[in-house]
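Quick notes on the structure that follows.
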Amino acid sequence: MLHDALDFYATRSRFIILDPRSKLAGLLALTVTTALLTQLAPMLASLGVSVALLAASGLPIRHTARRLSYIGVFAGFAFISVLPFGGVWRALGTSIRVIACGAYVLLLSSVTPSFDLVRALRFFRFPPILCEMLIFLYRYLFLFAEENERMAAARKARGFRAGNSLLDRRGLGILASSAGAVLYRAYHRGMAVSRTLAARGYEGNVRTLTQFRLKAYDLAFLAFAGATILSLSLLQLGVMG
Amino acid sequence: MTSISVRNVSYRYEDGTLAVDRLSFEVAKGERVAVLGPNGAGKSTLFELLMGLRFPQQGSIHIMGEDLHGGSASRLRRHMGLVFQDPDDQIFMPRVWDDIAFGPINMGLPEDVVRANVHRTLESTGLAGFDGRAPHNLSRGEKKRVAIAGVLAMEPDIMFLDEPTAELDCQGRRDLIGVLNDLHTTMLVATHEVQTALEITDRAVVIDHSKLGEGTYPELLSNKDLLDRASLDAPSITRLFELLEKDGISLGRPTSVEQAAEILRKALLSRS
């Protein structure tokens, strides 16, 4: 299940030894730098670094490959969107940047327990309302998925089959009302979840038992990220390569 | 000492539905009381009012002598724990251990106290060895126990349990009642099952939005009119003795199979 996978690998990853703040700072800096690149060579270099980091993290290949394939869909969409206006090379460059940035974010979210990540965001003065939204998104993603699964099973149990044709107006109508019902149910479930959180003492401050402490590993990781950003910048400016 | 005091409390939802109507009752420290009533009687709303998750439009609630209002709710909630009817609403974290630790961490307890609380609670709720499991893969009964453990780890003085045995199989129900009967806190249990109330609590408040009655089980079970008005069924064993009474065989109104066996044993021995 999605729920199991989200934090399951974080505690088993090799990068769990790193302080969440150094992971957040290092990987976000790499993401932003990559997003700003315009030359193909540094883009490919950044893609190589992101894949190497994913490999070094110890995340299972299947888990990583499946999530990278989702990013690939976005990259494909970006390629198609840019192609008519920017040509093949620009479209390719955009896709590579999307995959590289997605890989850094995937790495960050996969190797850092969700609540530690939100705490690290708060450390960097990320707005509290956005942190709270992230926490609720974390829980409500499953609500949507679970409600949708239940309703799909209920439809199937009563003989509903749809998706054979876009002209199946009845089928599309049923799917549309199901989507509305999923939102409605998820809203009610969401309200119940927020009450249970309040009942268990949650008042908007994310607390975990993880002690934030920078160690030699963190300094090494930040130095690596800094050196990579410098190299990518030099490649971009044509000083290197 | 009074733990909970509810005085003339009313609550109406935004859509106009009257959930709780001029309700009053008291619960003493250490007492175990059931809130009995049919589905939709306002039991869950009452518990949310008692937890300070909603506030009554009329009347007042006092918890351990202190008035419960917007300013005091957060502080008073530290002394109370609510186990919601649906454990899926309550279970939030990806591992059983993390979910049980969620409340104590929010209370700002030191790490060693959190770890000790979680360890003790896992043991007392029969969840030892479940700490690394994903809650969403557990059975309904196990989820219920995780939800109870999550509240127990906060060491509340008062516990509210909303339909604790709903949707449980026989074994899950027995296990859960065993866990609850080992607790020594003030406890309020909302249920529509008289049998469950009998097995966990000492007396009951019967509601259907407003209060219909209050008392010990022998008193309540002898009031057929009250049970009918609240759409409640007496336990099967009590009904059997009621039927015998109608036929002129008056042996009393047992509330459990054990009591019934004792009555029958005495009756048969006295006859022989």
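Read the figures in this text as sums done on the coordinates, not as results from a lab. Because the structure is predicted, anything quoted here is derived from the model rather than measured. Here the Cβ positions follow ideal geometry from the backbone for every residue, glycine too, while neighbour counts run over all protein chains shown.
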Which whole-number percent is the relative contact order of the range B:1-93 (Cα, under 8 Å, 6+ apart)?
-> 31
About its Cα centre, the range B:125-272 carries a charge dipole, from +1 on Lys and Arg Cβ atoms and -1 on Asp and Glu Cβ atoms, whose size in debye to the nearest 20 is 380
Could you point to the residue in A:Cys131, B:Ser272, B:Ala134 farthest towards the positive end of the protein assembly as shown's charge dipole, with +1 and -1 charges on the Cβ of Lys/Arg and Asp/Glu respectively?
-> A:Cys131
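Is the shape of the range A:90-241 best called rounded, prolate or oblate, per the rule: a/c under 1.5 gives rounded, else a/b larger than b/c gives prolate, else oblate, with a ≥ b ≥ c the square roots of the Cα gyration tensor eigenvalues? All intermediate terms of the calculation are to be shown ahead of the outcome.
Working: a/c = 3.51, a/b = 1.46, b/c = 2.40.
Verdict is oblate for the range A:90-241.
Within 10 Å of each residue's Cβ, count the other Cβ atoms and sort A:Arg62, B:Arg54 from fewest upward. Don't skip to the end; give the middle numbers.
Details: A:Arg62 8, B:Arg54 18.
Listed from fewest to most nearby Cβ atoms, that is A:Arg62, B:Arg54.
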Be a star and scan the range A:210-241 for residues whose amide nitrogen sits under 18 Å from the point 7 Å along the Cα-to-Cβ vector of A:Leu40.
-> A:235-241
Could you give the distance between the Cα centres of the range B:16-81 and the range A:175-217, to the whole Å?
-> 24
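Would you mind telling me the antiparallel percentage of the DSSP bridges in the range B:2-226, rounded to 5? Don't jump to the answer; show the numbers that get you there.
On the way: 20 of 38 bridges.
Bridges in the range B:2-226 that DSSP calls antiparallel: roughly 55 percent.
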For chain B, the longest principal axis of the Cα atoms and the Cα long axis of helix B:96-106 enclose an angle in degrees, to the nearest 10, of 70
Helix B:236-246 sits at what angle to the longest principal axis of chain B, using alpha carbons and giving 0 to 90 degrees rounded to 10?
-> 20
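Hey, got a sec? Which GluC sites (Glu not before Pro) in the range B:138-195 land in a DSSP loop and have at most 14 other Cβ atoms within 10 Å? Let's see the in-between values first.
Values: sites: B:Glu142, B:Glu167, B:Glu193; in loops: B:Glu167, B:Glu193.
Loop-located and lightly packed - B:Glu167.
Work through the residues other than B:Glu242 whose Cβ is under 14 Å from its Cβ and net out their charges, Lys, Arg +1 and Asp, Glu -1.
That sum, taken over residues with Cβ under 14 Å, equals -1.
Classify the range B:4-87 as rounded, prolate or oblate from the Cα gyration tensor: take a ≥ b ≥ c as the square roots of its eigenvalues, call it rounded if a/c is under 1.5, otherwise prolate when a/b beats b/c and oblate if not.
Details: a/c = 1.38, a/b = 1.20, b/c = 1.15.
Cα axes put the range B:4-87 in the rounded bin.
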Treating only the Cβ atoms of Lys and Arg (+1) and Asp and Glu (-1) as charged, compute the dipole magnitude of the protein assembly as shown about its Cα centre; round to the nearest 20 debye.
-> 1800
Across the residues of A:183-196, average count of Cβ atoms on other protein chains within 10 Å?
-> 3
What angle do you read, to the nearest 10 degrees and between 0 and 90, between the alpha-carbon axis of helix A:61-111 and the longest principal axis of chain A?
-> 80
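If I take every Cα pair under 8 Å that is 6 or more residues apart in chain A, average their sequence separation and divide by the length, what percent do I get for the relative contact order? Each step should come with its number before you reach the end.
Working: 212 pairs, mean separation 81.4, N = 241.
Taking the mean separation of contacting Cα pairs over the length of chain A, I get 34 percent.
Just rank B:Met159, A:Met133, B:Met64, A:Met191, fewest to most, by other beta-carbon atoms within 10 angstrom.
On the way: B:Met159 22, A:Met133 13, B:Met64 17, A:Met191 10.
Ascending Cβ contact count within 10 Å gives the list A:Met191, A:Met133, B:Met64, B:Met159.
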What's the average, rounded to a whole number, of partner chain beta-carbon atoms within 10 Å of each residue's beta-carbon in A:201-207?
-> 5
Indicate the gyration tensor shape class of chain B (rounded, prolate or oblate), computed on the Cα atoms with a ≥ b ≥ c the square roots of the eigenvalues: a/c under 1.5 is rounded; otherwise a/b larger than b/c is prolate and the rest oblate.
-> oblate
Cut-off under 5 Å, modelled amide H: who pairs with B:Ala190 long-range | B:Val35, B:Leu161, B:Asp162, B:Glu163
Expressed as a whole number, the average count of other chain Cβ atoms within 10 Å around the Cβ atoms of B:101-108 is 5
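Mind ranking B:179-191, A:169-181 by how tightly packed they are, going by the mean number of other C-beta atoms within 10 angstrom, highest first?
Working: B:179-191: 19.9, A:169-181: 12.6.
Result, highest mean Cβ count within 10 Å first: B:179-191, A:169-181.
Beta carbons within 10 angstrom, averaged per residue: use that to sort the peptides A:99-111, B:90-102, highest first.
Working: A:99-111: 22.5, B:90-102: 24.3.
The packing order, highest mean first, is B:90-102, A:99-111.
Can you tell me what share of the DSSP beta bridges in the protein assembly as shown is antiparallel? A percent to the nearest 5 is fine. Walk me through the numbers before you get to the answer.
On the way: 20 of 38 bridges.
Antiparallel bridges: around 55 percent, rounded to the nearest 5.
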Taking placed amide H atoms and a strict 5 Å upper bound, the residues 5 or more places from B:Ser210 or on another chain that come that close are B:Asp21
